[in-house]
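Here is the structure we will look at.
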Amino acid sequence: MTRTILEVVNLKKYYRQRAGILSTLRWRERFIPAVDGVSFYLKEHETLGLVGESGCGKTTIGRTILRLTPATSGRIVFDGHDITAMPAGELRPLRSRMQMIFQDLDAALNPRMRVRDLLKEAITTHHRLGDAEVARRTGELLEQVNLKKSKLSSLPGELSGGEKRRVGIARTLAVGARFIVADEPTSALDVSIQAQVVNLLRDLQRQLGLSYLFISHDLEVVQLVSHKVAVMYLGKIVEVGLADRIAGAGRHPYTRILWSALVEKKGAEPSRRRPAMSRGAWGVFDFEQPVHGCRFAPRCPVYEAQGRPAVCTDAATEPELRDLGGGHHVACHFPLG
Amino acid sequence: MGAPLLEIESLRTYFYSRSKRAFIRAVDGVTLALARGETLGVVGESGSGKSVTALSITGLIGAGPGVIGGTIAFHADGGEQNLLADLERYVDRKEVDGRIVEVSKDEAGWRRKVERIMAPLRGKAISVIFQNPKAALNPFVRVGEQITEVIRLHTPTKGARAAREQALDWLRRVKIDSPRLRFDNYPYGLSGGMCQRAVIAMALASEPALLIADEPTTGLDATIQSEIVGLLAELKAEIGIATLLISHDIRVISRLADNVAVMYGGSVMEHGPAADVLAARFAPKHPYTTALLASIPSEQNVRDKGYLTVIEGEVPDAVDLPRGCRFYARCNRVTDGVRDRCAQREPALQEIAPGHRIRCWLYAE
């Protein structure tokens, strides 16, 4: 039985919205619930994929777990330590074991530092090492991420997208990461390079036993790399389960819509067994309008088909994640068959 | 296929890198043709010259030296017009064994001339849909009014009321919900997908002969992407306007395009019917096309959790393009019979079947 490396319980992250100076005078504040009560766990050597549309809170979850931004409430347990409110000094040694691969390739690397120094900085942040040891470790990292030695004296601006991504990954390994939040690690890359990076991440997982929280909107890549997948909608996880179950037999209407969009884009015939979902009015969710009950109801075709049942929009009965067996959970009053 | 609408011949668009003191050969001898009613998909990785080709057609290249050679023949309103006509005389090229080493260009004269040619065409005969829909709309003008303006400027409908009605009709045709309401919205009130619909309406409202869609779905959410692709497919069936569709997303291209051009390192490597070029099993194919198709996660890949097929190496540097085939360094189909030629000389686009051309020594006669 593998150990649980990360457990998140009822995590909330609300951002305060500044609505002009007058709002402070009126003593009224508005909050944007970017992450609104999310619970999940991640085992060692495992990848949890996190999918959802932009603005649903995927990246905020990643940042909050790593304590790059404080949680509003809830509990984050990393490797047996409750880090939710751990003082920075105590957290520091744990930080070396949890790292992030940032979405923005260019913002993640100091443009004035050469690859050699970027790696050295990461290697020596948590470990005091002599020059010879640093050089040995640098060579080892280059080999692990499959980067040429000749690139050591390059500046980030001289590297291609794939190479920058590799340097970023090498830096997370350099500090000794065991758990990595990979935030859209392939979205800025071309398909041929994307394949290299996906293969690399999976190789590293096999060799080093890493755990990933893999955030992406590319459903195929997510299904490929993840053991489990969580589907997010507006700050909540609406469904979580084994990757292939979620992709092939999602029970939440939103999950189905996400994957049928992929099929539609391919132009393939929608499968006869599961007709493509017809969609309600798509719009941007308005955080300022209070939600009652299920957040997805305004867009939900099942809600319409069922004749707008009151249970879906009743504030007292917001759907909770229910266990369907086999690690499959769904938050819906009328899960699809 | 209908009569030709656009014929690009050996288009070259270079930029100058001051730090490297060398030319960036963004587009380096592109030859393409587009017929009336045809959708030509242009695929390629970033830096392959797709967008620069589009900008060259529309005369929107800002940085120098920009377009430095070739012809772009545009057949509209019964006549033929070379969009690069007489521009040659503003450029002086110095070549050393086939390579341009020095370009001097009368930038101001060139600019003036381009504007004279393009001003009557841009937005009227040639419309463009850019990648970022929010940036394409004026944030201070109501969406409906922006479309009305296009109609009054570029179509025979000049009356304010009639143009408004027509604009509203376009909003309906691109399936914006409650179009009457949206007409008076400012762009910030619309979601990304709705903005893109408005931009599409605006591009089509001038009833152009040629539509250039540069990554029309990139940056939108997956659910929205499939809707926009669906809309473009419907509009294609309904209006059948000649479209140059640029995307790095092969799935989008395969859904919409009749013909496909595969670009690599500023050059067209393969050009032919979409069904043949993008079909997994069609045999004659440029090695790059084969590798590109293989690197997309297939259903088999995803199910088996297998490794993805990788194209080893990196996209060539546009400053230092190889002298032989641009794909030679990454090609996995080089045979001993062609190796020397691959390394030394660039192959020509060779017709291997009617309308299907491949730039590869393996298929050379």
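Where a number appears in this text, it was derived from the coordinates with a stated rule and is not lab data. These figures come from a predicted structure and were not determined experimentally. Quick reminder, even Gly has a Cβ in these numbers, built from the backbone with ideal geometry, and neighbours come from all protein chains shown.
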What's the Kirkwood radius of chain A in Å, using all Cα pairs? 21.6 Å
For region B:273-335, the spread of Cα positions along each principal axis, largest first, Å: 40, 28, 23
How high is the relative contact order of chain B, in percent, with contacts defined as C-alpha pairs under 8 Å that are six or more residues apart? 19 percent
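Show me the helices of chain B, taken as full DSSP H stretches, that run 24 Å or more along their long axis by Cα and average -0.5 or above in Kyte-Doolittle hydropathy.
On the way: long enough: B:222-239 (25 Å, 0.82).
Going by DSSP H runs, the hits are B:222-239.
In whole percent, what relative contact order does region B:1-154 give with Cα contacts below 8 Å and a gap of six or more residues?
Averaging sequence separation for qualifying contacts and normalising by length gives 20 percent for region B:1-154.
For A:ASP314 and A:THR124, what does the FRET efficiency come to when R0 = 51 Å and r is the distance between their Cβ atoms, rounded to the nearest 0.05? Please list the in-between numbers first.
On the way: r = 56 Å, r/R0 = 1.10.
Working from the Cβ atoms, E equals 0.35.
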Cα gyration tensor of the protein assembly as shown, axes a ≥ b ≥ c as square roots of the eigenvalues: rounded (a/c below 1.5), prolate (a/b > b/c) or oblate? oblate
Hull volume per residue for region B:203-298, using the convex hull of the C-alpha atoms, in Å³ is 119 Å³
Spatially close lysines, pair count over region A:136-241: Cα under 19 Å, gap of eight or more or interchain: 4
Expressed in nm to one decimal, what extension gain is obtained for the pair B:ALA233 and B:ARG93 from 0.36 nm per residue of sequence separation less their Cα-Cα distance? 46.1 nm
Would you mind calculating the gained length between B:THR218 and B:ALA329 on full extension (0.36 nm times residue separation, minus the Cα-Cα distance), in nm to one decimal? 37.0 nm
Tilt of helix A:191-208 relative to the longest C-alpha principal axis of chain A, in degrees (0 to 90, nearest 10)? 80 degrees
What is the Cα centroid distance between region B:1-50 and region B:123-178, reported in whole angstrom? 28 Å
What the 10 Å binned alpha carbon P(r) of chain B shows, as percent of pairs per bin from 0, is 5, 22, 31, 25, 13, 4, 0, 0
Largest fluctuation, B:LEU220, B:LEU11, B:LEU34 only, Gaussian network model of chain B with Cα springs under 10 angstrom, belongs to B:LEU220
Relative to the longest principal Cα axis of chain A, at what angle does helix A:131-145 sit, 0 to 90 degrees, rounded to 10? 40 degrees
Under a cut-off of 16 Å between alpha-carbon atoms, report the aspartates and glutamates in cross-link reach of B:LYS285, not counting same-chain residues fewer than 8 places apart. B:GLU270, B:ASP276, B:GLU351, B:GLU365
For region A:121-211, evaluate the Debye formula with one uniform point scatterer on each Cα (no solvent term) and list log10 I(q)/I(0) at q = 0.10 Å⁻¹, rounded to two decimals. -0.25
Using a basic spin-label model with each label point 7 Å from the Cα along Cα→Cβ, how many nm lie between B:GLU351 and B:LYS158? 4.7 nm
Comparing B:ARG18, B:ARG180, B:ARG142 in a Gaussian network model of chain B (Cα, 10 Å), the one with the largest mean-square fluctuation is B:ARG18
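Using a Förster radius of 22 Å, what is the FRET efficiency between B:GLU149 and B:ASP106 based on their Cβ-Cβ separation? Nearest 0.05, please.
Working: r = 34 Å, r/R0 = 1.54.
E between B:GLU149 and B:ASP106, to the nearest 0.05, is 0.05.
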